Amino acid sequence: MKIYDGKFIIAGLVAFIGLATFPIWSNIGKASPLPEPKLDTPAIQQMEQKQCVLTRDEMRTGHMRLLDEWRIEVVRNGGRIYTATDGKIYEMSLQNECMRCHSNKTRFCDACHSYVGLPNSTPYCWTCHIAPREKD
Amino acid sequence: MNFIMSLVAVLALVLTAFLGIEAAGLRTFFSMAVPYVAFTLFIAGTVYRVLAWASSPVPFRIPTTAGQQKTFPWIKRNRFDNPANKKEVLGRMILEVLLFRSLFRNTKAEIEKGPKLYYQWEKWLWVGGLALHYSFLVILLRHLRFFTEPVPFFVQALGGMDSFLQVGLPGIYISDSVFMLAVIYLLVRRLIIPTVRYISLPGDYFPLILMLAIGVTGILTRYFTRVDLLKVKQLALGLAKFQSSAPEQVGTIFYIHLLLVCTLIAYFPFSKLMHAGGIFLSPTRNLPNDSRIRRHVNPWDYPVEVQTYAEYEERFREKMIEAGLPVAKEIAAGGPAVYPLTKK
C-alpha cells in the first residue's frame, strides 16, 4: 500500500493520536488522590450526632440544589426557617448556617470544588457572601 | 422507517445500559471494558480510514471551483473558490474547517407558480451545523476536567464562561442549551422537509438521535438526578491511568450516558461522522486549481512506446507515397521511384 502525501498524512495522524490520548499521557506519573473534605471544625466536633442538613449522600450530590432552594426561598419568599426531614430546624443561610459548621471553607468546600474543576472563586457566591475567616 | 430504525437502535442502547446496571450489575463491564474497547476502535478505525484514503492516488487536480480562475491580471479572480496555489488552498481549508464556508453558500431551489425557479439564500443549515459543532467542541473540552488533575486553567475558565449566566445551581451551561437546540433542529429538519427526508438513511438519523440521547442523559446527570462527580472523576482518571479500581456505585443514568458516548466514539470512524478526517483529504477541497499552470505527471504512468512523426514517416514513407499521402521528406535518390504529390 502506497501512501500519497505521506509527510502530511503521518504528521496529521500523529497529531490526532497525540490529542486523543492527551488524558493518558498527561496523567503519567501524577498522583491525584480523592479530596478529603475536612469535618474537624469546632462546631462539628461539638455535635453529638454528626449530621448534615440532609443525609451525607444527598448533601454530596445535591448541596448546590439545597442552596439554590434556600436562596430562592429567602430572597423571593422571605422564609428563613427550614425544617429538615428529621425535624431539625435550620436557618436558611449560606453564611450563618452552612459556614457555622463548615467554617473551614478552603479545606472543605474548596477541596472538592477544585478537584472537579470549579474555580476557587466558584461558587461565585463568595464575591458577595462573606467566607468565614480561617486561622491557617 | 429509517428514522424508526435509528430510534429503536438508540433506545436499545439505553435499555442495555439500564438493564446491564440495574438487573445484571455489570458495573466493571460498562465502566471499564466498554470505554477501552470504544477508544481503541476510535483510534484504530480513524487511522485505518485515513490510511485507506491516503493510499488512493489523485493523479489530476479535481478541485471544485465556484469562482473565477486566475487568468489575466485585469480579470478579478476568486482566491478561495478557485485557489491557484497552496497558500490559497490553505485559506480555503481553514475557512472550510472552521467556518463551513461551502455550507454557507447553500441555496434552496424551489419551483413556484409561473412556473419559475427561485433560488433562496438558505442559511439555517449552516447556522445549525456551526452551532452543533462548536457547542460540541466546548462540551468536549469541558469534560477534560474529569481527566486532568489539577484541572488546567483554560478548562476551568471555559466552564466559568460557559456558565456565566449564573442561572440556577449548578449553573446552566450555554453550550448545553445550544447543543440541544442545534441537534433538535437538525433532526426536525431531516424529518419535515420532504426532499431531505427522502434522502435520509439510518446512517443520517442514528448519529443525530444518539447525540440527542447523549445530550439528554448528560443534562439529566448534571441538573436533575445528580451523580457524585468525585466518583465519576475518580473513574475517569483511573481509566486514563490504566489503574481503575472497581468503581463504586454511581447513578445508572451516568452509565447510560457513558455507553452512549462510547457508542458514538466507536461508531465514529465507520460512519459519516468521519468527515471530520475526510475533509482534510478531500481532493475537491485540498488541491489548487493549477492544471493549466503546472505540468502534472500521472503518478502511475508506465513507459508507453511512443513514436514521433518523423519516425512514423520514416517507417511508412513508401506506403504513404504509394497511397498519395503528403510526406515531409522525399525518398532519397537511389531508392524506389519518386512519385511527386502533384502527379495524382
Task: Environment charge of B:VAL188, counting only residues whose C-beta is closer than 14 Å and scoring Lys/Arg +1, Asp/Glu -1 - done: +2
Open item on the list: Let me spell out the model: positive unit charges on the Cβ of Lys and Arg, negative unit charges on the Cβ of Asp and Glu, origin at the Cα centre of chain A. What dipole size does that give, in debye rounded to 20?
Closed with: 360
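Rounded to the nearest 100 Å², what is the sum over both chains of accessible area buried where A meets B, with a probe of 1.4 Å? Can you show the working numbers first?
Values: alone 10690 and 22160 Å², together 29370 Å².
What A and B bury together is about 3500 Å².
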- [ ] Just name one of B:SER175, B:SER6, B:SER55: the one whose Cα is farthest towards the positive end of the charge dipole of chain B (beta-carbon charges, Lys/Arg +1, Asp/Glu -1).
- [x] B:SER175
Open item on the list: Compute the helix-to-body angle for B:174-192: its Cα long axis versus the longest principal axis of chain B, expressed 0 to 90° and rounded to tens.
Closed with: 60
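If you count, for every residue in A:104-116, the Cβ atoms of partner chains within 10 Å of its Cβ, what is the mean?
Working: counts 0, 0, 0, 0, 0, 0, 0, 0, 2, 1, 4, 8, 10.
Going residue by residue through A:104-116 and averaging, the value is 2.
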Task: Estimated FRET transfer efficiency when R0 is 60 angstrom, pair B:PHE164-B:TYR118 (beta carbons, to 0.05) - done: 0.90
Open item on the list: Taking 8 Å as the Cα distance limit and 6 or more residues as the minimum spacing, I'd like the relative contact order of chain A as a percentage.
Closed with: 25
Open item on the list: As I understand it, the value is the acute angle between the Cα axis of helix B:309-322 and the longest principal axis of the Cα atoms of chain B; what does it come to in degrees, rounded to 10?
Closed with: 40
- [ ] Can you find, among B:PRO269, B:ILE253, B:VAL304, the residue farthest towards the positive end of the dipole of segment B:237-306? Put +1 on the C-beta of Lys and Arg, -1 on that of Asp and Glu.
- [x] B:VAL304
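Assuming a ≥ b ≥ c are the square roots of the Cα gyration tensor eigenvalues, decide whether segment A:6-127 counts as rounded (a/c under 1.5), prolate (otherwise, with a/b larger than b/c) or oblate.
Details: a/c = 3.44, a/b = 2.32, b/c = 1.48.
In terms of gyration-tensor shape, prolate.
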Task: Stokes-Einstein D in µm²/s, Kirkwood radius over Cα pairs - the protein assembly as shown at 20 °C with 1.002 mPa s viscosity - done: 76
Open item on the list: Once you order the gyration tensor axes a ≥ b ≥ c over the Cα atoms, which shape class does segment B:167-228 get: rounded for a/c under 1.5, otherwise prolate or oblate by comparing a/b with b/c?
Closed with: prolate
Task: GNM flexibility winner over chain B from B:VAL151, B:VAL37, B:VAL50 (Cα, springs under 10 Å) - done: B:VAL151
Open item on the list: Counting only helical runs of four or more DSSP H residues, what would the 222 nm mean residue ellipticity of chain B come to if each run contributes -39,500 (n - 2.57) and the total is spread over all its residues?
Closed with: -17000 deg cm²/dmol
Open item on the list: Please report the carbon-and-sulfur percent of the accessible area for the protein assembly as shown; probe 1.4 Å, protein heavy atoms only, DNA, RNA and ligands left out.
Closed with: 65
TODO: Compare the Cα positions of A:CYS109, A:GLY87, A:PHE16 along the charge dipole of segment A:6-127 (+1 at Cβ of Lys, Arg; -1 at Cβ of Asp, Glu; about the Cα centre) and return the one farthest towards the positive end.
DONE: A:PHE16
- [ ] Working from Cα positions, state the angle (0 to 90°, nearest 10) between the long axis of helix B:2-22 and the longest principal axis of chain B.
- [x] 40
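Extension gain A:ARG76-A:GLU97, at 0.36 nm per residue separation less the Cα-Cα distance, in nm?
Working: separation 21, 0.36 × 21 = 7.56 nm, distance 1.87 nm.
5.7 nm is the gain from fully extending A:ARG76 to A:GLU97.
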TODO: Within 10 Å, count the other beta carbons around each residue, average over each peptide in A:107-114, B:101-108, and list them highest first.
DONE: A:107-114, B:101-108
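Strictly greater than 25 Å: what percent of every Cα pair in chain B meets that? The partial results should precede the final answer.
Numbers: 40287 of 58996 pairs.
In whole percent, the share of Cα-Cα pairs in chain B beyond 25 Å is 68.
Dividing the convex hull volume of the alpha carbon atoms of segment B:1-118 by its residue count, what do you get in Å³ per residue? It would help to have the intermediate numbers written out before the result.
Values: hull volume 27.8 nm³, N = 118.
Cα-based convex hull of segment B:1-118, divided per residue, equals 236 Å³.
Out of segment B:226-313, which trypsin sites (Lys or Arg not before Pro) are coil in DSSP terms and have no more than 12 other C-beta atoms within 10 Å? Can you show the working numbers first?
Details: sites: B:ARG226, B:LYS231, B:LYS233, B:LYS241, B:LYS272, B:ARG285, B:ARG292, B:ARG294, B:ARG295; in loops: B:ARG226, B:ARG292, B:ARG294, B:ARG295.
Within segment B:226-313, the qualifying trypsin sites (Lys or Arg not before Pro) (loop, at most 12 other Cβ atoms within 10 Å) are B:ARG292, B:ARG294, B:ARG295.
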TODO: Please report, in debye to the nearest 20, how large the charge dipole of the protein assembly as shown is about its Cα centre when each Lys and Arg carries +1 at its beta carbon and each Asp and Glu carries -1 there.
DONE: 1360
- [ ] Scan chain B and report its longest stretch carrying no GluC sites (Glu not before Pro) that are both in a DSSP loop and have at most 12 other Cβ atoms within 10 Å.
- [x] B:1-247
Task: Cα-centred dipole magnitude for segment B:2-286, charges only on beta-carbon of K, R (+1) and D, E (-1), debye, nearest 20 - done: 1120
TODO: Could you name the lysines whose alpha carbon sits less than 23 Å from that of B:LYS123, not counting residues in the same chain fewer than 8 places away?
DONE: B:LYS108, B:LYS272
Task: Cα centroid separation - segment B:196-217 against segment B:41-111, whole Å - done: 27
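What are the semi-axes of the equivalent ellipsoid for segment B:104-243, taken as the square roots of 5 times the Cα gyration tensor eigenvalues, largest first, in whole Å? It would help to have the intermediate numbers written out before the result.
Values: eigenvalues 292, 55, 37 Å².
Semi-axes, largest first: 38, 17, 14 Å.
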TODO: Over the protein assembly as shown, average the accessible area per residue using a 1.4 Å probe and give it in Å², no decimals.
DONE: 61
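Hey, what number do you get for chain A at 222 nm if only DSSP H runs of n ≥ 4 count, each worth -39500 (n - 2.57), divided across all residues, to the nearest 500? Write down the numbers at each step before the final one.
Numbers: 5 runs with 47 residues, N = 136.
Here the helix-only value at 222 nm equals -10000 deg cm²/dmol.
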- [ ] Using R₀ = 56 Å, calculate the FRET efficiency as 1/(1 + (r/R₀)^6) where r is the Cβ-Cβ separation of B:PHE29 and B:ALA323; round to 0.05.
- [x] 0.10
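The values are calculated or read from the model by the stated rules, or taken from the named source; none is laboratory data. None of these values were measured; they are calculated from a predicted model. Heads up, the Cβs are rebuilt from the backbone with ideal geometry, glycines too, and the neighbour counts pull from every protein chain shown. Each accessible area value is taken on the protein alone, full model and side chains, heavy atoms only, with ligands, DNA and RNA left out. Shrake-Rupley method; radii C 1.70, N 1.55, O 1.52, S 1.80 Å.
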